[in-house]
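Structure, as structure tokens:
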Amino acid sequence: FAQLLAQLEARDLDIVVGVMDARAHAPGLRHEVLFEDRTVAIVRPGHPLCARPAVGWSDLLDYRWIMPAGQTMMRSQLDRVLLEHGGAGVLPAIETASVVTVESVLRRTDYVAVCSASLGRHLHQLGLVHALPLSTGFGPVGAVYREGEAQPRVVEFLQALRASALRVDDDAEA
């Protein structure tokens, strides 16, 4: 997020879209929360955990993990949840930010991974992963842009983001 905000400030980017934190409130920036998201655990369809009637975070501790990179918001939240459920020794077998890598490894292994709930729903609907029925907080997903920016392409993009966010909220409620 810090690198993206630096690129925004340098005018290399017009807008940053993603999980926001306090840095989105910096002077000279405007931000807009589009929706609140959660983090979900995902596995391959047919994974042994899919057959269980109830799954908790502690049930995931014996599996190998694909984890988000260290020093990211999602990794911090995952580490916290694992610690709360007895997973102090759980280390990543793979660290990646690539959805393609996660899906590819999950497809042929019994690994466990996490992603945003909105992405998990999408991948689940496509039959690529199975989103387990447990989640934890993630944070606000939004747009950050330079204050006073009125470029037509930024305004149009923000309108498209708002419309897309409404669909994400509708899907989450379904």
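Using θ = phi - 60° and the Karplus relation 6.51 cos²θ - 1.76 cosθ + 1.60, list the HN-Hα couplings for region 34-44 in order, rounded to whole Hz, with x at every Gly or Pro.
With the stated coefficients, region 34-44 comes to 9, 6, 8, 10, 10, 9, 10, 8, 10, 9, 6 Hz.
Can you compute the charge dipole magnitude of region 64-141 about its Cα centre, using +1 on each Lys and Arg Cβ and -1 on each Asp and Glu Cβ, nothing else charged? Give it in debye, rounded to the nearest 20.
It comes to approximately 120 debye.
I'd like to know which of 18, 41, 7 lies farthest towards the positive end of the charge dipole of region 1-72, counting +1 on Cβ of Lys and Arg and -1 on Cβ of Asp and Glu.
Highest projection toward the positive end goes to 41.
List every residue whose amide H lies under 5 Å from the amide H of residue 95, counting only residues 5 or more places away in sequence or on a different chain, with H placed 1.01 Å from N in the peptide plane.
It is 67, by chain and number.
If r is the Cβ-Cβ distance from residue 155 to residue 10 and R0 is 25 Å, what FRET efficiency results, to the nearest 0.05?
Details: r = 21 Å, r/R0 = 0.85.
Computed FRET efficiency for residue 155 and residue 10: 0.75.
Ignoring ligands, DNA and RNA, what percent of the 1.4 Å accessible area of region 1-106 is carbon and sulfur?
About 53 percent, which is the carbon plus sulfur part of the accessible surface.
Report ³J(HN,Hα) in whole Hz for each residue of region 25-30, in order, from the Karplus equation J = 6.51 cos²θ - 1.76 cosθ + 1.60 where θ = phi - 60°; Gly and Pro get x.
Ordered by residue, 3J(HN,Hα) equals 8, 5, x, x, 10, 10 Hz.
List, in order, the whole-Hz ³J(HN,Hα) value for each residue of region 111-128 obtained from phi through the Karplus relation with A = 6.51, B = -1.76, C = 1.60 and θ = phi - 60°; use x for Gly and Pro.
Each residue's phi maps through the Karplus curve to give 5, 10, 9, 10, 7, 5, 4, 5, 5, x, 4, 4, 5, 5, 4, 7, x, 8 Hz.
Under a 1.4 Å probe, what is the accessible area of the chain per residue, stated in Å²? Can you show the working numbers first?
On the way: 9520 Å² over 174 residues.
Each residue of the chain exposes 55 Å² on average to a 1.4 Å probe.
Please list the non-local residues whose amide H lies under 5 Å from the amide H of residue 130, H modeled 1.01 Å from N, same-chain partners needing a gap of 5 or more.
Hits under the 5 Å cutoff: 43, 44.
Tell me which residues come under 5 Å, amide H to amide H, from residue 13 once H is placed; ignore anything under 5 positions away on its chain.
8
With runs of 4+ DSSP H residues as the only contributors, calculate the mean residue ellipticity of the chain at 222 nm using -39,500 (n - 2.57) per run, divided by the residue total and rounded to the nearest 500.
When only DSSP H runs of four or more count, the value is -11000 deg cm²/dmol.
Given Cβ point charges of +1 (Lys, Arg) and -1 (Asp, Glu) and nothing else, what value in debye, to the nearest 20, does the dipole of region 1-98 about its Cα centre take?
Using Cβ point charges on Lys, Arg, Asp and Glu, region 1-98 gives about 200 debye.
The values are calculated or read from the model by the stated rules, or taken from the named source; none is laboratory data. Since we're looking at a predicted model, the values are computed, not measured. Neighbour counts run over all protein chains shown; Cβ positions are idealised from the backbone, glycine included. Note: accessible area is taken over every heavy atom of the protein model, side chains too, but ligands, DNA and RNA are not part of it. Shrake-Rupley method; radii C 1.70, N 1.55, O 1.52, S 1.80 Å.
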